[in-house]
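One structure below.
The values are calculated or read from the model by the stated rules, or taken from the named source; none is laboratory data. In this text, all values refer to a predicted model and were calculated from it rather than measured experimentally. Please note: Cβ atoms are built from the backbone with ideal geometry, for glycine as well, and neighbour counts cover all protein chains shown. Areas reflect the complete protein model, heavy atoms only, side chains present, ligands, DNA and RNA absent. Shrake-Rupley method; radii C 1.70, N 1.55, O 1.52, S 1.80 Å.
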Amino acid sequence: MTSTTSTALPAVERPQPSTARAGRGTRRRMRKDLLRSRIAAWCAVAVIGAFGLLPVYWLLATALSTPESVFQFPPKLVPTDLTLGNFTALAENDQLIKYMVNSLIVASITAVLSVVVATYMGYSFSKFRYRGRRSLMHLVLASQMFPQALLLVTLYAVFSSFGLLNTYTALVLSFTTFTMPLCVWMLKGIFDTVPDALLEAASIDGASRWRTLHSIVAPLAAPGMIAAGLFAFVRGWNDFIFALTLADKEKQTLPPGLVSTYIGEFQTAWPQLMAASLVVSVPVVVAFMFLQRYLVGGMTAGSVKS
């Protein structure tokens, strides 16, 4: 006859009621703190969003208003007398269409020229070592320190001596002067992330330096090149003082064209001006919408060096 011995199981300690209540209270406080932080974050987003979108709303509201309602006091936050006449009048203004064509031509050429030159300069600064390289890099960077208006008189004299005033060439060259430094440094940072081993492998396979740049490095740096081109395009699209000074009415771009068309000596056609400003901003907005993923990738690609 066998005897069985029972082993006593260790007693499981049950949490005291006070400890359980303390744990529940801690979790409640954490949930309340999380809720407060989320509310504060959304309030900050709402304030920042209102700060950025309120001018756009006021632009649209003024563009849809009649000239009489614009000057009402106190002004109405939500316009009641809405009209599309300010937009339909734009299609009948041939000179305004001419300004838009000029802006497209100048901004597009500026973007292409800036990207092409900055690609070669940035690649040279990144992958080649030669005497005076650092000095040239600092010189390019230091050119951004000079006020643009300070160089306007000099550029005017130079373009006048070469007979380039009132031409697209003068506008493109002047815009490229100020877009080039940032494009160069942006692309140099992107080229720095390209491994040297990849270039050495291309050289072993018989690729020349030109073939390596055009067939291997340039496709890898395409997001950065698009970002640089978009920056140069916006710079050429928005410039006012150079387009006003270096070009006549036939070659002027949209910013000085809108001022000369809708702002007079004694009155300003605010509804028409706001409608025109809203329409001419559409190409830039569309470009950002389609190229935003390239823009973000290009702006951050050179932030970390491999």
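A few points about this structure:
- With contributions of -39500 (n - 2.57) from each DSSP H run of at least four residues, the per-residue ellipticity at 222 nm computed over the chain stands at -23000 deg cm²/dmol.
- Cα lying deepest toward the dipole's positive end in the range 91-297, options ALA202, PHE191, GLN272, charges on Cβ: ALA202
- Residue of PRO283, PRO255, PRO147 that the Gaussian network model of the chain assigns the largest fluctuation, springs spanning Cα pairs under 10 Å: PRO147
- Applying the Karplus relation 6.51 cos²θ - 1.76 cosθ + 1.60 with θ = phi - 60° to the range 237-251 yields 3J(HN,Hα) values of 6, 9, 5, 10, 5, 6, 5, 6, 8, 8, 9, 8, 5, 6, 10 Hz, where x marks Gly and Pro.
- Nearest 10 degrees, 0 to 90: helix 270-280 Cα axis against the chain principal axis: 70 degrees
- Cut-off 14 Å between beta-carbons: net charge of the residues surrounding ARG36, Lys and Arg +1, Asp and Glu -1: +4
- Ligands, DNA and RNA are left out, and with a 1.4 angstrom probe the accessible area of the range 91-297 is 53 Å² per residue.
- Heavy-atom accessible surface of the chain: percent carbon and sulfur, 1.4 Å: 67 percent
- Highest-fluctuation residue, VAL106, VAL115, VAL284 considered, GNM on the chain with Cα pairs under 10 Å: VAL284
- Projecting the Cα atoms of CYS43, LEU64, GLY85 onto the charge dipole of the range 24-107, computed from C-beta unit charges around the Cα centre, puts CYS43 farthest toward the positive end.
- Across the alpha-carbon atoms of the range 173-250, the computed radius of gyration and Dmax are 17.2, 56 angstrom.
- Sparsely packed loop sites in the range 52-86 (the chymotrypsin sites (Phe, Trp or Tyr not before Pro) outside DSSP H, G, I, E and B with at most 12 other Cβ atoms within 10 Å) comprise PHE71.
- Entry for the range 91-297 at q = 0.10, 0.16 Å⁻¹: log10 I(q)/I(0) = -0.52, -1.08, Debye formula applied to identical alpha-carbon scatterers, no solvent contribution.
- For the chain, the longest principal axis of the C-alpha atoms and the axis of helix 168-192 are separated by about 20°.
- Estimated distance in nm for a label pair at ALA157 and LEU198, the labels positioned 7 Å out from Cα along Cα-to-Cβ: 4.6 nm
- Between the Cα long axis of helix 282-301 and the first principal axis of the chain there is an angle of about 50°, rounded to the nearest 10.
- Loop trypsin sites (Lys or Arg not before Pro), the range 112-182 (other Cβ atoms within 10 Å of the site Cβ: 10 or fewer; DSSP): ARG129, ARG131
- Basic side chains Lys and Arg get +1 at the Cβ, acidic Asp and Glu get -1 at the Cβ, and with that the dipole of the chain about its Cα centre reaches some 1880 debye.
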